[in-house]
1. Rank these by accessible area, largest first, 1.4 Å probe: LYS104, LYS170.
2. Largest first, what is the accessible-area ranking of MET67, MET129 with a 1.4 Å probe?
3. Please tell me which of these pairs span more than 32 angstrom C-alpha to C-alpha: LYS97/LYS168; LYS104/LYS168; LYS97/LYS170?
4. Any chance you could run the full-extension gain for ALA178 through ILE138? It's 0.36 nm times the residue separation minus the Cα-Cα distance, nm to one decimal.
5. Counting only protein chains, not ligands or nucleic acids, how are TRP180, TRP51, TRP148 ordered by accessible area (probe 1.4 Å), most first?
6. Quick check: residue separation of LYS168 and ARG9 times 0.36 nm, minus the Cα distance between them. What number comes out in nm?
7. With every protein chain present, what accessible area does GLU137 have (1.4 Å probe, heavy atoms only), rounded to the nearest 10 Å²?
8. Full extension from ALA124 to VAL100: what is 0.36 nm times the residue separation minus their Cα-Cα distance, to one decimal in nm?
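The values are calculated or read from the model by the stated rules, or taken from the named source; none is laboratory data. All figures in this text were calculated on a predicted structure; none of them were measured in a lab. What goes into the accessible areas is simple: the full protein's heavy atoms, side chains included, and nothing from ligands, DNA or RNA. Shrake-Rupley method; radii C 1.70, N 1.55, O 1.52, S 1.80 Å.
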Amino acid sequence: MAQHDYINRQPKTRQSAKNKKNAQVSRRKPFPVFLSIAAVILITGFTYGLWYIKTNADPGQVNQAQMPKTVAKKIDTAPEKPRDPEFLEEIRNHEVKVDVKEIKRNGPYQMQCASLRTYPEAEALKAKMAFAGLIAEIKRTEGSNGVWYRVRLGPYDSKRKAESDKNKLKRIHIIGCAIWGWT
(Lines give C-alpha, C1' and ligand atoms only; values in the text may rest on other atoms or scores of the structure.)
Protein backbone atom coordinates (compact mmCIF):
# COMPACT_ATOMS: atom_id res chain seq x y z
CA MET A 1 0.00 0.00 0.00
CA ALA A 2 1.28 3.46 -0.89
CA GLN A 3 2.40 5.70 1.89
CA HIS A 4 0.77 9.08 2.29
CA ASP A 5 2.29 12.20 3.78
CA TYR A 6 -0.35 13.16 6.32
CA ILE A 7 1.88 15.59 8.23
CA ASN A 8 2.58 18.10 5.45
CA ARG A 9 -0.82 17.76 3.86
CA GLN A 10 -3.04 20.80 4.09
CA PRO A 11 -6.70 20.32 4.65
CA LYS A 12 -9.06 21.04 1.81
CA THR A 13 -10.90 24.30 2.09
CA ARG A 14 -14.38 24.73 0.84
CA GLN A 15 -14.57 27.74 -1.39
CA SER A 16 -17.62 28.91 -3.09
CA ALA A 17 -17.76 29.80 -6.79
CA LYS A 18 -17.64 33.51 -5.88
CA ASN A 19 -14.46 33.12 -3.86
CA LYS A 20 -12.81 31.19 -6.71
CA LYS A 21 -13.51 34.01 -9.19
CA ASN A 22 -12.14 36.61 -6.78
CA ALA A 23 -9.03 34.50 -6.24
CA GLN A 24 -8.46 34.20 -9.99
CA VAL A 25 -8.98 37.93 -10.59
CA SER A 26 -6.47 38.84 -7.91
CA ARG A 27 -3.88 36.47 -9.45
CA ARG A 28 -3.81 38.25 -12.83
CA LYS A 29 -0.76 40.35 -13.59
CA PRO A 30 -1.23 44.11 -13.88
CA PHE A 31 -1.02 45.76 -17.32
CA PRO A 32 2.62 46.81 -18.06
CA VAL A 33 2.05 50.56 -18.31
CA PHE A 34 5.72 51.53 -18.14
CA LEU A 35 6.74 49.14 -20.94
CA SER A 36 3.93 50.28 -23.20
CA ILE A 37 4.86 53.97 -22.73
CA ALA A 38 8.52 53.14 -23.49
CA ALA A 39 7.51 51.27 -26.67
CA VAL A 40 5.38 54.19 -27.88
CA ILE A 41 8.26 56.63 -27.27
CA LEU A 42 10.74 54.43 -29.18
CA ILE A 43 8.41 53.98 -32.16
CA THR A 44 7.76 57.73 -32.26
CA GLY A 45 11.49 58.51 -32.12
CA PHE A 46 12.27 56.04 -34.91
CA THR A 47 9.54 57.50 -37.12
CA TYR A 48 10.79 61.05 -36.50
CA GLY A 49 14.37 59.97 -37.37
CA LEU A 50 13.28 58.50 -40.71
CA TRP A 51 11.29 61.65 -41.53
CA TYR A 52 14.28 63.86 -40.63
CA ILE A 53 16.65 61.86 -42.87
CA LYS A 54 14.19 61.98 -45.75
CA THR A 55 13.63 65.74 -45.60
CA ASN A 56 17.29 66.76 -45.04
CA ALA A 57 19.01 64.37 -47.47
CA ASP A 58 21.18 65.62 -50.36
CA PRO A 59 19.17 65.08 -53.59
CA GLY A 60 22.28 64.22 -55.65
CA GLN A 61 23.25 61.40 -53.32
CA VAL A 62 19.67 60.13 -53.18
CA ASN A 63 19.46 59.96 -56.99
CA GLN A 64 22.82 58.22 -57.22
CA ALA A 65 21.79 55.67 -54.58
CA GLN A 66 18.52 54.95 -56.39
CA MET A 67 20.22 54.32 -59.78
CA PRO A 68 21.24 50.78 -60.68
CA LYS A 69 24.95 50.08 -60.24
CA THR A 70 25.58 49.54 -63.95
CA VAL A 71 24.17 52.97 -64.82
CA ALA A 72 26.20 54.62 -62.05
CA LYS A 73 29.40 53.07 -63.41
CA LYS A 74 28.68 54.37 -66.93
CA ILE A 75 28.10 57.90 -65.65
CA ASP A 76 31.37 58.02 -63.71
CA THR A 77 34.40 58.93 -65.76
CA ALA A 78 36.87 56.16 -66.38
CA PRO A 79 39.69 56.24 -63.84
CA GLU A 80 43.17 57.04 -65.07
CA LYS A 81 45.44 54.14 -65.77
CA PRO A 82 48.14 54.13 -63.09
CA ARG A 83 51.64 54.95 -64.27
CA ASP A 84 54.42 52.45 -63.89
CA PRO A 85 56.98 53.43 -61.26
CA GLU A 86 60.27 54.77 -62.61
CA PHE A 87 62.33 51.83 -61.37
CA LEU A 88 60.33 49.41 -63.57
CA GLU A 89 61.48 51.28 -66.67
CA GLU A 90 65.08 51.05 -65.44
CA ILE A 91 64.71 47.32 -64.87
CA ARG A 92 63.31 46.72 -68.35
CA ASN A 93 66.23 48.52 -70.00
CA HIS A 94 68.95 47.12 -67.73
CA GLU A 95 71.37 44.50 -68.99
CA VAL A 96 72.89 42.01 -66.58
CA LYS A 97 76.45 40.83 -67.08
CA VAL A 98 77.48 37.56 -65.48
CA ASP A 99 80.94 36.05 -65.33
CA VAL A 100 80.70 32.34 -66.07
CA LYS A 101 83.33 30.35 -64.24
CA GLU A 102 84.31 26.92 -65.43
CA ILE A 103 83.73 24.31 -62.75
CA LYS A 104 86.75 22.19 -62.08
CA ARG A 105 85.97 18.49 -62.06
CA ASN A 106 88.16 16.20 -60.05
CA GLY A 107 87.37 13.22 -62.21
CA PRO A 108 85.19 10.20 -61.63
CA TYR A 109 84.07 9.22 -58.14
CA GLN A 110 83.41 5.92 -56.44
CA MET A 111 81.47 5.03 -53.31
CA GLN A 112 82.55 2.29 -50.95
CA CYS A 113 79.87 1.06 -48.58
CA ALA A 114 81.56 -1.80 -46.74
CA SER A 115 84.69 -3.83 -46.38
CA LEU A 116 83.78 -7.32 -45.14
CA ARG A 117 85.74 -10.41 -44.14
CA THR A 118 83.61 -13.03 -45.94
CA TYR A 119 82.36 -13.19 -49.49
CA PRO A 120 78.78 -14.29 -48.57
CA GLU A 121 78.34 -11.18 -46.38
CA ALA A 122 79.51 -9.02 -49.26
CA GLU A 123 77.10 -10.79 -51.65
CA ALA A 124 74.20 -10.22 -49.21
CA LEU A 125 74.96 -6.48 -49.06
CA LYS A 126 75.26 -6.34 -52.85
CA ALA A 127 71.82 -8.00 -53.17
CA LYS A 128 70.30 -5.50 -50.72
CA MET A 129 71.68 -2.65 -52.85
CA ALA A 130 70.28 -4.30 -55.98
CA PHE A 131 66.78 -4.12 -54.45
CA ALA A 132 67.29 -0.35 -54.17
CA GLY A 133 68.08 -0.27 -57.90
CA LEU A 134 71.86 0.17 -57.60
CA ILE A 135 74.50 -2.01 -59.20
CA ALA A 136 77.43 -2.73 -56.89
CA GLU A 137 80.65 -4.66 -57.41
CA ILE A 138 82.69 -6.71 -54.99
CA LYS A 139 86.47 -6.31 -55.12
CA ARG A 140 88.77 -8.71 -53.31
CA THR A 141 91.85 -7.14 -51.71
CA GLU A 142 94.65 -8.67 -49.70
CA GLY A 143 96.33 -6.67 -47.01
CA SER A 144 98.66 -7.22 -44.07
CA ASN A 145 95.72 -8.27 -41.88
CA GLY A 146 94.06 -10.73 -44.27
CA VAL A 147 91.59 -10.85 -47.13
CA TRP A 148 88.84 -8.19 -47.37
CA TYR A 149 85.87 -7.91 -49.74
CA ARG A 150 85.01 -4.31 -50.64
CA VAL A 151 81.49 -3.46 -51.80
CA ARG A 152 81.73 -0.48 -54.14
CA LEU A 153 79.49 1.56 -56.45
CA GLY A 154 80.61 3.68 -59.35
CA PRO A 155 82.14 5.26 -61.30
CA TYR A 156 80.15 8.50 -61.01
CA ASP A 157 80.78 11.50 -63.27
CA SER A 158 79.88 13.99 -60.55
CA LYS A 159 79.83 13.96 -56.80
CA ARG A 160 76.18 15.02 -56.88
CA LYS A 161 75.15 11.70 -58.50
CA ALA A 162 77.14 9.80 -55.88
CA GLU A 163 75.41 11.76 -53.07
CA SER A 164 72.03 10.93 -54.63
CA ASP A 165 72.78 7.21 -54.52
CA LYS A 166 74.13 7.56 -50.98
CA ASN A 167 70.76 9.02 -49.93
CA LYS A 168 68.96 6.08 -51.58
CA LEU A 169 71.10 3.70 -49.53
CA LYS A 170 70.34 5.62 -46.32
CA ARG A 171 66.61 5.09 -46.95
CA ILE A 172 67.15 1.31 -46.90
CA HIS A 173 69.36 1.60 -43.78
CA ILE A 174 72.76 1.16 -45.38
CA ILE A 175 74.76 3.84 -43.62
CA GLY A 176 78.46 4.62 -43.64
CA CYS A 177 79.17 4.79 -47.36
CA ALA A 178 82.13 6.97 -48.29
CA ILE A 179 82.67 8.83 -51.57
CA TRP A 180 86.20 8.94 -52.92
CA GLY A 181 87.98 9.85 -56.11
CA TRP A 182 88.36 6.95 -58.53
CA THR A 183 91.71 5.24 -58.23
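1. So the residues, ranked largest to smallest area, are LYS104, LYS170.
2. The ordering from most to least exposed comes out as MET67, MET129.
3. Correct reply: LYS97/LYS168; LYS97/LYS170.
4. Net length gain for the segment: 12.9 nm.
5. From most exposed to least exposed: TRP51, TRP180, TRP148.
6. Contour length minus Cα-Cα distance gives 48.3 nm.
7. Result for GLU137: roughly 80 Å² accessible.
8. 4.0 nm
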